[in-house]
Amino acid sequence: MKIGMCMFLWTTGVSKKHEALLRDIRTTGFDGVEIPVFSGTPDDYKRLGDLLDRIGLERTAVSAMGDPSTNLISPDAATRKAGIDYMKWAIDCSAALGANRLSGPLHSTLGAFSGSGPTAAEKKRSVASQRAIGDHAGKRGVTIGLEALNRFECYLLNTMDDLCEHIDSIDRPHIKAMYDTFHANIEEADPIGAYTRNRRNVVHVHISENDRGVPGRGNIPWAETFSAIRNSGYDDWLTIESFGRSLKDLAAATKVWRDFSESPEAVYRDGYKHIKNGWKKAGAGDAAKPFPSQAI
């Protein structure tokens, strides 16, 4: 298991000016960071990757699509092509960064709604878009972790069952799923079951409290969550995702209107301890036994 920290708490554009923060994150014990990919060139991300190498931090990548002109499920072919081109750029940047994983709600436009649920035509267009994206990702050695978002942020894919059924339809080895505890807490009647039923597709996990604050201080069922993840055989990234008010556009997109912690340091320092302790407890005694009904 590797513990990561998403840089969304501070910025959508990580650079050398964040070196002191990155070094403190490493000193805290983190194995790596999750780097937002929203602007720049592959060369920019190559330089950032070199900096992370010097610090000793591994990395994953995260992005989102908030521009309706790049909507991957649009009925307009030119709009869908623009979205595919955006994703190819994000994949190229991720590869240059040295990240083999790019996660996020990379299936539709964040915050855009049609006024009804997803249609069969939208799902069909999504499959075609994701297959083109998946083929490019495979060439670059990057796996996409698509994220099911709550109903207030998107309408295409809200639950893990719907997400993974869609991923099975896409049928590309580099298009997989991310499990996010925040969204599961809102949308899933059984968040633990939603993970275990769909473990076969999960390649990334976001550790996020129900209020987006310090992991461990809210009402997510953490003991059961860590046990389910560890018992499933998952041994990859557990990445803290939290948000603040410092970035106005991101705060507006994620509906962050107040501070969720006394400081960013509390989020990553206490959050790190929470994951380490939770993972250790999940591996103790009978908790380490696999679920007999689980299909991986």
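Read the figures in this text as sums done on the coordinates, not as results from a lab. Source: prediction; values computed, not measured. Cβ: placed from backbone, ideal geometry, glycine included. Neighbour counts: every protein chain shown.
Peptides 277-283, 75-81 ranked from most to least packed, by the mean per-residue count of other Cβ atoms within 10 Å: 277-283, 75-81.
In this structure the amide hydrogen of Val33, modeled in the peptide plane, comes within under 5 Å of the amide hydrogens of Met5, Glu58, Arg59, Thr60, none closer than 5 places in sequence on its chain.
Under the shape rule built on the C-alpha gyration tensor, where the axes satisfy a ≥ b ≥ c, the chain is rounded, since a/c falls short of 1.5. 3J(HN,Hα) along the stretch 5-13, derived from phi through the Karplus expression 6.51 cos²θ - 1.76 cosθ + 1.60 where θ = phi - 60°, amounts to 10, 6, 7, 4, 4, 10, 6, 9, x Hz, with x in place of Gly and Pro. With contributions of -39500 (n - 2.57) from each DSSP H run of at least four residues, the per-residue ellipticity at 222 nm computed over the chain stands at -13500 deg cm²/dmol.
Anisotropy class assigned to the stretch 1-100 is prolate, per the alpha carbon gyration tensor with a/c at or over the 1.5 cut-off and a/b larger than b/c. Under the simplified labelling scheme, the Lys273-Asp50 pair shows an inter-label distance of 3.8 nm, with each label point 7 Å from Cα along Cα→Cβ. Mind checking which of Ser69, Ser242, Ser94 has the largest fluctuation in a GNM of the chain, springs on alpha carbons under 10 Å? Most flexible of the set in this elastic network: Ser69. With Cα atoms defining each centre, the stretch 33-68 and the stretch 98-113 are spaced 14 Å apart in the structure. Dipole of the chain (Lys/Arg Cβ +1, Asp/Glu Cβ -1, origin at the Cα centre): which of Pro191, His206, Pro68 lies farthest to the positive side? With unit charges placed on the Cβ atoms, the residue in question is His206. Here the contact order of the stretch 2-288, divided by its residue count and restricted to Cα pairs under 8 Å and six or more residues apart, works out to 17 percent.
Around the Cα centre of the chain, unit charges on the Cβ atoms of Lys, Arg, Asp and Glu (plus for the first two, minus for the last two) sum to a dipole of about 460 debye.
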